[in-house]
Amino acid sequence: MPHTHSKAPAVDGAIQVLQLLARSSSSLTLSEIAEETGLAYSTTHRLIDSLLQHNMISLDPSTRKKYCMGATIFQLASTVFSRQDSISIFHPIAEILKNETYQSVYLNIEVGSRIVVIAKTESSMAKVSNVYIGTTFPVHDAAAGKAILSTRDEKYQREYLSHILPKGLDLNKRLNIKIEELKQAYRLGYAIAEGESENDLNFIAAPVLSQNNTAIAAISLGVNKTDFTKQNIRMLSAHLIQATRQLSSRLQ
């Protein structure tokens with residue numbers, strides 16, 4: 001096929017960078033981005049500066065030397081998904097779940113290495129939350145992210161987590177602990193995360209599955225830490241799993 005010259009090379013380059021970061025399970029350095037995209041280092045540097053200015057990408061707060069998807073991307077993703085059928089189907093199911101559990105209910109999707117809240121139904125009985133539409137969390141730390149990861153095969157989980165977890169002599173030990181946590185989440189049908197948010201909230205989440213059993217989203221509940229007992233988690237999880245099954249079946 002004849003080579004087609006781009007009419008907007010800067011735009012094409014920026015899209016390459018964004019697509020790479022969206023696919024990556026971890027944040028990347030400038031050199032890694034240049035190498036993976038095949039762009040010149042100087043070109044990559046200019047593109048990153050521009051994308052940073054528009055909050056399309058951001059510096060990874062844990063390293064300050066690597067780049068990840070930015071807030072604007074997540075806001076755009078939330079806007080797009082808010083127009084999809086999944087949102088309109090989610091809200092009546094979330095209303096029932098809210099009334100059964102007296103907790104605020106969130107719909108979450110995976111975008112790159114982050115979990116993005118794309119819809120919520122807030123309970124007047126629940127503690128006020130600082131989690132809004134467009135709020136993001138690391139996939140491996142969030143209850144919704146763990147719920148989604150738990151449905152993937154172990155090879156994927158290990159490769160993903162090995163890039164995310166901080167390096168160190170005890171990496172294999174920490175990796176095995178995370179894998180066991182995901183296995184338990186898969187067996188139970190839900191995952192939990194303590195200290196995921198400020199305001200003394202913990203979260204419990206269950207995956208929303210497509211027709212081929214691929215996790216496409218997760219529904220989560222924000223629960224006051226003082227109410228996060230084993231007995232209460234069992235009660236909440238039963239209602240939560242029922243809600244995710246309803247949403248899964250409606251989306252198929």
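A few notes on this one:
- Unit charges on C-beta of K, R, D, E only; dipole of the stretch 74-251, Debye: 320 debye
- Protection proxy ranking of 150-159, 110-119 - average other beta-carbon atoms within 10 Å, highest first: 110-119, 150-159
- Normalised by the number of residues in the chain, the mean separation of alpha-carbon contacts (under 8 Å, six or more apart) gives a relative contact order of 16 percent.
- Projecting the Cα atoms of 57, 228, 137 onto the dipole axis of the chain, where Lys and Arg carry +1 and Asp and Glu carry -1 at the beta carbon, places 228 farthest toward the positive end.
- Comparing mean-square fluctuations of 238, 94, 193 from a GNM of the chain with C-alpha springs under 10 Å, the top value falls on 238.
- Ranked packing of 124-130, 202-208, most packed first, by mean Cβ within 10 Å: 202-208, 124-130
- Three principal axis extents of the chain based on alpha-carbon atoms, in descending order, are 59, 46, 37 Å.
- Cα pair count fraction exceeding 16 Å, expressed as % - the stretch 9-69: 32 percent
- The stretch 145-252, relative contact order [Cα under 8 Å, separation at least 6], %: 24 percent
Rule-based calculations on the coordinates, nothing more; no lab input. No experiment lies behind these values; they were computed from the predicted model shown. Cβ sites come from the backbone with ideal geometry, for glycine too, and all protein chains shown count toward neighbours.
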